[in-house]
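Peer 1: After the structure tokens below, expect a handful of questions from me.
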Amino acid sequence: MNWAAISAIYVTEMHRFFRTLAQSFISPVISTSLYFVVFGAAIGSRIQEVEGVSYGAFIVPGLVMLSVITQAISNASFGIYFPKFLGTTYELLSAPLSFLEIVLGYVGAAATKALFIGVVILATASLFVDLQIQHPVAMVAFLVLTCVSFALMGFIIGIWAGNFEQLQLVPLLIITPLIFLGGSFYSISMLPPIWQTITLFNPVVYLISGFRWAFFGLADVPIGMSLVAIAGFTALCLAAIWWIFRSGWRIRS
Amino acid sequence: MAAIVDIRDLRKTYDGGFEALKGVNLSIEEGEIIALLGPNGAGKTTLISTICGITNVGTGSITVGGFDAVRDYRQARNLIGLVPQEINLEPFTKVIDTVRFSRGLFGKPRDEAYVEKVLRQLSLWDKRNARAMELSGGMKRRVLIAKALVHEPRILFLDEPTAGVDVELRKDMWDIVSELQAQGVTIILTTHYIEEAEAIADRVGVINKGELLLVEDKATLMARLGQKHLQIELQERIEAIPEALNPHGLELATDGQSLHYSYDTRGERTGITQLLNDIAAAGLVLRDIRTQESSLEEIFVSLVREDAA
Ligand SMILES: Nc1ncnc2c1ncn2[C@@H]1O[C@H](COP(=O)(O)OP(=O)(O)O)[C@@H](O)[C@H]1O
Ligand SMILES: [Mg+2]
């Protein structure tokens, strides 16, 4: 294992992040506060409680997931797309690196950044609502796994993208709708039966449900299924990346 | 001496079906400077890229320092530094950071003294805190060289290091290359400038349309080039070359009216004075004399043409 290389990539990527620390920090704080104003105050005044949890607290897990998933994808996709765009991938390809090491460097950094944002949001949220975390270990595990698996997905998008528009396309057209429709701001049980069934095809539902269970002990789907879903998703992304590097798809002609 | 890079029957077909390398064989000796000379599109970059791991090998084999470039890629690539043709650098990154990063990628521990040494050698030390976008084209090229050298490779690939570079910078580059050779680095450079191959290479390989047409010592190639031809036209037709002229190795044209003499311009003496004296002594009368030389350009053009035919 070329640890020096992994750390070189990781540190360089993190450096980019910390150079703009104020931005990285302020924007999630502001957007979380806005969500609380809009959803918590406006809607929360009508929906008092969901299954015994105050609406303000109920949306926190979904809010964290929303940001963490978007951040993990955008950081990882940009992280690998940027060198591709600049033509500096020659350096990665000609160095004594395995695909695993490249992925660990880039995905590790992107996941760390997303995790950082997630923690910032949780901290901000705790200023607005009284947060209780019933299963802290599961909460951390879900958070970290989500960061990692969506950073893997972002990495794939970054390799696939041929221009900046494509880089934005997948998150905008697929991921954001999936997250919004994935029960971030409501319980699946609040939907009409037919939509409940359709929703079960949305993988994000399992993540948010599992994550919310870690906080409140309430879940839309059994916790085991949530675990299987996220593990399966991670495995799928890993397999795709393994295939990409083996075949050299879009990186090695 | 054992070859440090050994390429056997290397073929490469790009996805579109284009065959960019058609069975290249090449052995590169440790410590030499070899120039791969060829026009645009000849396959120079493809050849370098396959050795360095940037494009997939089609068929054939490549060993670097005895290691298979595909199977033992880590050991092979540890020996190699690559300076690409295109100047690709992250615009906002400082010179010293990008150089450190390259060292890290090759798994080497941090070594500030060595980074400084490389930057100084390339006259970049004063610019170490400049961002790539603030540098001139020549300086950026130096940064790429520093990045390629900072993991202490034994082999350096330079892909068209002086394309689009002005004359002065070109001389600078040549100085850098010979300095590196003095330190024992093997250098493989590609160029489409004949003068460049002539100025710095020990051996020259001529490549065109994916084929390596010849690889020769520059001295041999230059000797071929250094050949001049003297055409001596005679007032009167002769049947045979007079015996007294035999030592000069002349050839008589079929019309019997001109003699052909080859000589080496680099030799101590060309033998022309003696030849002309002997011709006069033999009683031949001259009508005209002409000289002709073959340049590397000519040899190159004729090779490429033969190849196309
Ligand atoms: N990625 C690629 N896909 C398809 N064809 C390519 C690719 N890269 C280079 N080629 C083709 O291969 C040939 C050799 O290119 P190259 O090795 O760059 O030549 P050189 O470096 O000698 O100018 C050219 O005809 C070029 O168009
Ligand atoms: Mg080229």
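Peer 1: If you go through the range B:19-41, how many residues are within 9 Å of ligand 1 (Cβ to nearest atom), touching a strand residue (DSSP E or B) at 6+ places or on another chain (Cβ under 7 Å) and at pLDDT below 95?
Peer 2: So the answer is 2.
Peer 1: From the list A:105, A:87, which one is modelled with pLDDT of 90 or more, within 10 Å of chain B (Cβ to nearest Cβ) and under 18 Å from the mean Cα position of the chain (by Cα)?
Peer 2: A:105
Peer 1: I've got another one for you. Of the residues B:192, B:151, only one is within 16 Å of ligand 2 (Cβ to nearest atom), in the same structural domain as residue B:77 (by TED's automatic domain parsing) and not small (Gly, Ala, Ser); which?
Peer 2: When all the criteria are applied, what remains is B:192.
Peer 1: Does at least one position in the range B:31-41 carry a residue that is assigned to a loop (DSSP other than H, G, I, E, B) and in contact with a Phe, Trp or Tyr (Cβ under 8 Å, 6 or more places away or on another chain)?
Peer 2: Within the range B:31-41, none of the residues are assigned to a loop (DSSP other than H, G, I, E, B) and in contact with a Phe, Trp or Tyr (Cβ under 8 Å, 6 or more places away or on another chain).
Peer 1: Also, I was wondering about something else. So residue A:34 passes all but one of these: (1) crowded, with 20+ Cβ neighbours inside 10 Å; (2) at pLDDT 85 or above; (3) not charged (D, E, K, R). Which condition number does it fail?
Peer 2: The failed condition is (1).
Peer 1: Here's a follow-up. Using beta carbons and a limit of 6 Å, which pairs, at least six apart or on different chains, have the first residue in the range B:3-27 and within 16 Å of ligand 2 (Cβ to nearest atom) and the second one part of a strand (DSSP E or B) and open to solvent by 70 Å² or more (accessible area, probe 1.4 Å)?
Peer 2: Filtered contacts from the range B:3-27: B:21/B:11.
Peer 1: Then there is this: Within the range B:38-58, track down each residue that is out of contact with any helix residue (DSSP H, G or I) (no Cβ under 8 Å at 6 or more places or on another chain), touching a residue at least 60 places away in the same chain (Cβ under 8 Å) and more than 10 Å from ligand 2 (Cβ to nearest atom).
Peer 2: Residue satisfying the conditions is B:51 alone.
Peer 1: Where in the range A:77-167 are the helices (runs of 4 or more DSSP H), entirely inside, with at least 2 residues that are over 30 Å from residue B:106 (Cα atoms)?
Peer 2: A:99-128, A:136-160
Peer 1: Okay, next question. Which residue pairs have Cβ atoms under 9 Å apart, sit 6 or more places apart or on different chains, and have a first residue in the range A:1-15 that is more than 8 Å from every other protein chain (Cβ to nearest Cβ) and a second that is surrounded by fewer than 17 Cβ atoms within 10 Å (Cβ to Cβ) and among the small types (Gly, Ala, Ser)?
Peer 2: A:1/A:98
Peer 1: How about the range B:167-184: which of its residues are out of contact with any helix residue (DSSP H, G or I) (no Cβ under 6 Å at 6 or more places or on another chain), in contact (Cβ under 8 Å) with a residue 12 or more places away in the chain and open to solvent by 10 Å² or more (accessible area, probe 1.4 Å)?
Peer 2: B:170, B:172, B:173, B:176, B:178, B:179, B:181, B:184, listed by residue number.
Peer 1: Out of the helices (runs of 4 or more DSSP H) lying entirely within the range B:152-252, which hold 3 or more residues that are within 15 Å of ligand 1 (Cβ to nearest atom)?
Peer 2: Output list reads B:194-200.
Peer 1: Select from the range B:74-115 the residues that are without any contact (Cβ under 8 Å) to a residue 12 or more places away in the chain and farther than 24 Å from residue B:54 by Cβ and write down the one among them that is nearest to the other protein chains (Cβ to nearest Cβ).
Peer 2: B:109
Peer 1: Could you tell me whether any residue of the range B:199-215 is of a type in the set (Asp, Glu) and farther than 23 Å from residue B:10 by Cβ?
Peer 2: no
Peer 1: Another one. Take residue A:215 and tell me if it is in contact with a Ser or Thr (Cβ under 9 Å, 6 or more places away or on another chain), in a helix (DSSP H, G or I) and aromatic (Phe, Trp, Tyr).
Peer 2: No, not satisfied.
Peer 1: May I pose another question? Confirm whether residue A:185 is outside any helix (DSSP H, G or I) and surrounded by fewer than 14 Cβ atoms within 10 Å (Cβ to Cβ).
Peer 2: no
Peer 1: Is it the case, given these coordinates, that residue A:100 is open to solvent by 20 Å² or more (accessible area, probe 1.4 Å), of a type outside the set (Phe, Trp, Tyr) and at the interface with chain B (Cβ under 8 Å from one of its Cβ atoms)?
Peer 2: Against the criterion (open to solvent by 20 Å² or more (accessible area, probe 1.4 Å), of a type outside the set (Phe, Trp, Tyr) and at the interface with chain B (Cβ under 8 Å from one of its Cβ atoms)), residue A:100 does not qualify.
The values are calculated or read from the model by the stated rules, or taken from the named source; none is laboratory data. Predicted model only: the values in this text are computed from it and were never measured. Reconstructed Cβ throughout: ideal geometry from the backbone, glycine too, with neighbour counts over all protein chains shown. Areas reflect the complete protein model, heavy atoms only, side chains present, ligands, DNA and RNA absent. Shrake-Rupley method; radii C 1.70, N 1.55, O 1.52, S 1.80 Å.
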